[in-house]
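The values are calculated or read from the model by the stated rules, or taken from the named source; none is laboratory data. Bear in mind that the values here come from a model prediction, so they are computed numbers and not experimental data. Virtual Cβ from ideal backbone geometry, glycine too; neighbours counted across all protein chains shown. Protein only, heavy atoms only, side chains kept; ligands, DNA and RNA dropped before computing areas. Shrake-Rupley method; radii C 1.70, N 1.55, O 1.52, S 1.80 Å.
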Amino acid sequence: MTFLIQQTLIYAIPLMIVALAGVYAERSGIINLALEGIMIFGAFVGVLFVNLTQQAGTFDAAKAAGDWVALQGFELLAMLAAAVMGAIFSLLLSFASVNLKADQTIGGTALNLMAPALVLFLIRIIANQNTLQMYSGDAASWFMIKKSLFGYGRNDEMGFLGSTFIDKVYLATYICILLFVILSIILYKTRFGLRLRSCGENPQAADSLGINVYKMRYIGTTISGALAGMGGFVYALTTANCASTGDVAGFGFLALAVMIFGNWKPLNIAGASLLFGLFKCIAAAYSSIDINGDGVFLLAEIGISPHFYRMLPYLITLIVLAFTSKKSRAPKAEGIPYDKGQR
Amino acid sequence: MKRRGTNLLEREGARSVLASVISIVIGMLVGSLLILAMGLFNSGLSLASAWDGIRLVFGGLFSTGRSASGTLTWGFNPTSIGNMLFRATPLIMTGLSVAVAFKTGLFNIGAPGQYLMGTAASLMIALGIPTETVPAGLVWLLAFLGGALAGALWGAIPGMLKAFLNINEVLACIMTNWIAANLVTWAFDGSQYRNLVENTKSAYIYKTSYNGVATSKLGLDLIFPNSQVNGGIIIAIVLAVLVYILMTKTTLGYELKACGSNRHAARYAGINDKRNIVLSMAIAGALSGIAASLYYLSGNTEFFWSTYQSLPATGFNGIPVALLAVNHPIGVIFTGCFMSMLDIVGLQLTNLTAYNEYITDVIISVIVYLSAFSLVIKMLLTKRSKRNRTAAGTTESAPEKAADAVHTEKGGESA
């Protein structure tokens with residue numbers, strides 16, 4: 001059960017934060033189809049940052065001394081780097097769709113094509129292979145929070161809550177949850193949030209009240225880019241051992257589906273991403289999931305093909321969309337370039 | 001009345017071509033800049049190698065390798081051109097697929113999935129029917145049609161979801177892509193089609209020539225010796241012309257385009273919009289399926305079946321092919337060839353320099369990015385020339401003005 005919860009969280013949290021990234025863009029009126037590309041780019045930047053910092057030996061002393069607070073700071077810095085570069089990358093989308101009034105779907109697709117191409121081109125030159133890894137060690141030994149850090153011995157019990165939420169976890173997961181809560185409150189309970197949302201619903205009305213629609217859309221997409229970039233790095237850190245391969249396995253698109261399924265509302269999105277995280281987790285680890293701890297790997301013994309489990313998240317998305325699409329309410333003005341002269 | 005302006009820029013077609021050429025040039029310049037930056041800032045690479053790389057980006061098709069002294073040599077390279085035509089075949093088809101959907105107002109990002117389903121169907125038919133009892137030509141035809149049918153069915157799914165349940169076709173297409181990738185892997189995992197003879201190759205399917213099925217070369221191999229070119233390129237060109245006729249000269253094509261321009265107006269005019277959306281996606285899917293058939297039935301290509309983690313780039317590259325051609329079926333032939341030329345350039349870069357083939361993907365993505373607003377730029381050009389004309393030609397007679405208006409309306413539609 002502990003394993004199941006931890007694994008589900010590992011998949012659910014990047015989905016959740018990237019889906020929120022989608023919400024910020026679409027609430028301001030820009031369809032951000034580029035989430036996948038920005039995630040790929042963010043993952044690359046974060047891993048590159050870790051790799052270069054390790055190469056420079058900045059945190060070697062902290063690592064040797066077991067100073068885990070400093071190492072967590074290192075992780076946060078990498079997340080920040082990914083977020084900043086994700087935001088910068090997303091400017092390409094906002095520039096095309098706000099200033100040039102371009103087709104946002106095509107612009108997003110361009111970014112989705114550009115990110116893996118650029119990342120793989122650079123990785124191949126930097127690392128001479130198709131994967132960029134950490135310079136030394138692995139993600140678990142550098143960044144994972146373990147019970148030994150709190151003075152527990154190897155055989156000490158921490159209880160269910162302790163072993164689920166404190167042992168063998170990444171700080172990044174909790175930072176993402178915290179950010180998710182804060183940003184959701186900002187979107188719904190502050191003046192800025194209301195203004196942002198009004199630009200996605202009726203930009204003409206917002207403009208008439210003195211809100212700068214272009215600026216708001218830029219802000220929305222930039223926050224979106226930052227969150228997606230960070231989410232990409234968190235995904236690479238927690239599921240791929242801090243390696244970048246120019247691929248996030250369709251997570252950005254899945255996040256878009258989560259966003260639509262969650263009806264563009266944070267609370268629903270949190271629930272939806274947990275659901276999808278669970279399916280992703282089953283797909284990835286169905287053979288080693290022991291639900292009630294009796295040593296029987298139920299899902300593996302049913303004898304269903306692993307391909308079916310892998311297909312499940314996408315299949316469920318389609319089915320769920322089929323049932324919810326009639327009720328779903330997208331921001332009214334999303335995807336429509338704002339033109340001041342238009343009535 | 002077709003207005004033949006003395007100024008070339010006043011013609012709609014010329015403007016489209018110009019916009020595409022500008023996109024291409026900018027894309028290649030960005031690629032060159034990236035190479036230059038790498039050559040300057042990476043200690044392992046020299047400026048001379050960057051210069052080689054840039055020259056290959058622009059002229060890779062005419063590269064004949066390196067001479068003994070290590071300098072690049074240039075010349076007519078029939079092998080490269082033949083390979084370009086061979087690789088253009090599936091790109092033209094996926095480009096047509098995306099273009100047809102675009103004309104109906106749908107963004108067919110599901111081409112990779114339709115391509116995969118087409119691959120699976122044609123390979124299974126081509127390898128499954130024994131050629132001892134059935135003539136190879138018939139098996140080829142069945143496999144070809146099977147690929148088209150599988151693609152059509154797979155394309156119809158997002159079409160139906162869009163038409164009847166109003167699910168965004170982009171999202172539905174992306175999901176069906178990944179479902180297709182898993183389905184195809186599932187279908188081939190443990191099947192009799194896996195190549196177990198050449199045991200150096202894991203997770204590959206037999207070439208169709210193993211069963212004696214291969215596309216006829218139609219003498220093209222004599223013109224382009226040592227290349228993979230075959231009759232597929234002819235079929236692709238014929239199909240492009242057929243699609244052009246379908247879209248411009250038939251009622252069905254008119255209805256499809258009407259749905260694309262304004263779905264509600266089309267319905268008001270008595271056009272069954274739901275049927276047309278499904279039909280458009282089915283046609284698009286069939287074209288993507290044919291892309292796969294033509295590529296894998298050539299007899300010398302192998303399919304990596306364990307594909308559940310990746311989608312075929314050929315499918316995605318249909319998008320830039322269609323965008324560059326402004327969704328014009330005949331234009332797709334040329335942009336498809338251009339894209340495959342970039343492929344060849346990528347190969348040459350990997351083989352001859354320290355750079356790699358991903359630079360061509362960067363170039364393609366820049367081109368897509370530019371084409372996102374090339375329509376806008378073109379619209380601005382149209383507006384400006386119209387304004388100039390109305391300012392200068394107030395004395396023009398009324399009927400001519402009316403004809404003018406009709407013409408610009410037409411131009412707007414094809415844009």
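Matching residues to (1) among the aromatic types (Phe, Trp, Tyr); (2) more than 16 Å from the chain's Cα centre (by Cα); (3) on the phi > 0 side of the Ramachandran plot:
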{"residue": "A:LYS168", "(1), (2), (3)": "no, yes, yes"}
{"residue": "A:ALA172", "(1), (2), (3)": "no, no, no"}
{"residue": "A:CYS176", "(1), (2), (3)": "no, no, no"}
{"residue": "A:ILE186", "(1), (2), (3)": "no, yes, no"}
{"residue": "A:LEU196", "(1), (2), (3)": "no, yes, no"}
{"residue": "A:GLU201", "(1), (2), (3)": "no, yes, no"}
{"residue": "A:ALA205", "(1), (2), (3)": "no, yes, no"}
Legend entry - Residue, surrounded by the fewest Cβ atoms within 10 Å (Cβ to Cβ), within region A:116-148, restricted to residues that are touching a Gly at 6+ places or on another chain (Cβ under 8 Å) and more than 8 Å from chain B (Cβ to nearest Cβ): A:ASN130
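Listed residues B:GLY219, B:GLY212, B:GLY253, B:GLY231; which is at pLDDT below 90 and over 24 Å from B:ILE125 (Cα atoms)?
Numbers: B:GLY212 fails: over 24 Å from B:ILE125 (Cα atoms); B:GLY253 fails: at pLDDT below 90; B:GLY231 fails: over 24 Å from B:ILE125 (Cα atoms).
Matching residue, one of B:GLY219, B:GLY212, B:GLY253, B:GLY231: B:GLY219.
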Legend entry - Subset of region A:227-285 (residues that are part of a loop (DSSP other than H, G, I, E, B) and within 20 Å of A:LYS168 (Cβ to Cβ)): A:ALA240, A:ASN241, A:CYS242, A:ALA243
Inset, instruction - Go through the residues of region A:49-64 one by one and say whether even a single one is modelled with pLDDT of 85 or more, surrounded by fewer than 24 Cβ atoms within 10 Å (Cβ to Cβ) and touching a Gly at 6+ places or on another chain (Cβ under 9 Å). - result: yes
Legend entry - Filtered residues of region A:286-343 (kept if at pLDDT below 75 and outside any loop (DSSP other than H, G, I, E, B)): A:TYR286, A:SER287, A:SER288, A:LEU298, A:LEU299, A:ALA300, A:GLU301, A:ILE302
Inset, instruction - Kindly provide the set of residues from region B:289-335 that are over 18 Å from B:GLY146 (Cα atoms), more than 14 Å from chain A (Cβ to nearest Cβ) and either within 9 Å of the chain's Cα centre (by Cα) or not in a loop (DSSP other than H, G, I, E, B) (or both), ordered by number. - result: B:PHE304, B:PRO329, B:ILE330, B:GLY331, B:VAL332, B:ILE333, B:PHE334, B:THR335
Inset, instruction - Give the residue that is nearest to B:GLY289 (Cα to Cα), with candidates limited to residues of region B:151-186 that are open to solvent by 40 Å² or more (accessible area, probe 1.4 Å) and at the interface with another protein chain (Cβ under 8 Å from one of its Cβ atoms). - result: B:LEU183
Inset, instruction - Please go through region B:19-61 and pick out each residue that is without any contact (Cβ under 8 Å) to a residue 60 or more places away in the chain and either surrounded by 15 or more Cβ atoms within 10 Å (Cβ to Cβ) or acidic (Asp, Glu) (or both). - result: B:LEU29, B:SER32, B:LEU36, B:GLY39, B:ASN42, B:ALA50, B:TRP51, B:ILE54, B:ARG55
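Answer yes or no: is there a residue in region A:149-157 that is within 23 Å of the chain's Cα centre (by Cα) and either open to solvent by 70 Å² or more (accessible area, probe 1.4 Å) or within 14 Å of chain B (Cβ to nearest Cβ) (or both).
Scanning region A:149-157 turns up no residue that is within 23 Å of the chain's Cα centre (by Cα) and either open to solvent by 70 Å² or more (accessible area, probe 1.4 Å) or within 14 Å of chain B (Cβ to nearest Cβ) (or both).
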Legend entry - Long-range neighbours under 7 Å by Cβ, at least six apart or interchain, first residue among the hydrophobic types (A, V, I, L, M, F, W, C) within region A:96-122, second outside any helix (DSSP H, G or I): A:ALA96/A:ALA102; A:LEU111/A:ALA34; A:VAL119/A:SER244; A:VAL119/A:GLY246; A:LEU120/A:ASN130; A:LEU120/A:GLY246; A:PHE121/B:ASN356
Legend entry - Number of the exception - B:ASN351 against (1) surrounded by fewer than 24 Cβ atoms within 10 Å (Cβ to Cβ); (2) part of a helix (DSSP H, G or I); (3) facing another protein chain (nearest Cβ under 8 Å): (3)
